[in-house]
Amino acid sequence: MAIPVSGGWESRVLLAASKDISDKTYYFVYKHSNYSDNHPDIKYPKMLLEQLGLTLNIFECSKNISEEHHNNLGKILSFPRFSNFNYLFSAVNKHIPNYLVLNGNVSEICRMQWDEIKIKDEYRIAFLENYPYQQFALKHYKKWLEDNNPTFEKYNYRASDMLYWEENSANWVGKANSETRIVADALQPFNSKKLIKTLMSVDK
């Protein structure tokens, strides 16, 4: 099993959860081409794993992918994010192709990505989602609020959390999974309906 350890909360939770099998676990972090050794995603994981007596494998990511990979991705993925494959091919495919890779995706829903933001109307949603003043977006966000606000109020859900779950996390996490699985098997331990419901039932 391989676990990325960055400066983020989710990866530290996975690191803690792997304590009993740390001798069998491969810990790594991506070092993107614009990262220095003092970048938080490099500096702090390195310090932490050294204190725990564990090895952090740092993957140097290339800036570009080959023309062959670029063409192939265009055939098998809808709207591939080619920049993501700079590290998937140069790091994951090269170093850990036979590992099950865990990551902390999905947990963003439960740590309130938009902590203090209150959604009052469709204009606030369109602003958050980078569609300000676009009539198509405003029309559908207004309907989304009208359809769902009664449920949110009944169960005391924050509209911003529900929006992030549906509009953001579901889209980019699903996309990331499709991309990662081209080079390795991947699993999101936080992607559990029971766990999400439990975490979201706790007072803010």
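The values are calculated or read from the model by the stated rules, or taken from the named source; none is laboratory data. What you see is a predicted model, and the numbers here were worked out from it, not measured in a lab. Cβ: placed from backbone, ideal geometry, glycine included. Neighbour counts: every protein chain shown. Accessible surface is based on the protein model in full, side chains and every heavy atom, while ligands, DNA and RNA are left aside. Shrake-Rupley method; radii C 1.70, N 1.55, O 1.52, S 1.80 Å.
Computed quantities for the displayed model
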read-out	value
Test: His140 is of a type outside the set (Lys, Arg), modelled with pLDDT of 75 or more and over 19 Å from Ser6 (Cα atoms)	yes
Complete set of residues in region 109-142 that are open to solvent by less than 60 Å² (accessible area, probe 1.4 Å) and hydrophobic (A, V, I, L, M, F, W, C)	Ile109, Cys110, Met112, Trp114, Ile117, Ile119, Ile125, Ala126, Leu128, Ala137, Leu138
Residue match in region 98-108 (condition: among the polar types (S, T, N, Q) and open to solvent by less than 20 Å² (accessible area, probe 1.4 Å))	yes
First in region 160-172 and over 13 Å from Ile117 (Cβ atoms), second anywhere and part of a helix (DSSP H, G or I) and of a type outside the set (S, T, N, Q), Cβ under 6 Å, 6 or more apart	Trp165/Ile109; Ser169/Glu108; Ser169/Ile109
Qualifying residue in region 120-131 (condition: among the basic types (Lys, Arg) and free of Cβ contacts under 8 Å to residues at least 60 places away in the same chain)	yes
Whichever residue in region 21-65 is within 19 Å of Val101 (Cβ to Cβ) and among the acidic types (Asp, Glu) and, among such residues, is nearest to the chain's Cα centre (by Cα)	Asp41
Leading residue by the ranking (modelled with the highest pLDDT) among those in region 87-120 that are hydroxyl-bearing (Ser, Thr, Tyr) and more than 13 Å from the chain's Cα centre (by Cα)	Tyr99
Count - residues of region 11-38 that are open to solvent by less than 20 Å² (accessible area, probe 1.4 Å) and among the acidic types (Asp, Glu)	0
Residue check for Leu145: surrounded by 11 or more Cβ atoms within 10 Å (Cβ to Cβ) and modelled with pLDDT of 95 or more	yes
Only one of Ser192, Ser169 that is open to solvent by 30 Å² or more (accessible area, probe 1.4 Å), among the hydroxyl-bearing types (Ser, Thr, Tyr) and under 30 Å from His95 (Cα atoms)	Ser192
Odd one out for Thr55, checked against (1) among the hydroxyl-bearing types (Ser, Thr, Tyr); (2) modelled with pLDDT under 90; (3) open to solvent by 50 Å² or more (accessible area, probe 1.4 Å)	(2)
Check on Met162, open to solvent by less than 90 Å² (accessible area, probe 1.4 Å), of a type in the set (A, V, I, L, M) and at positive phi	no
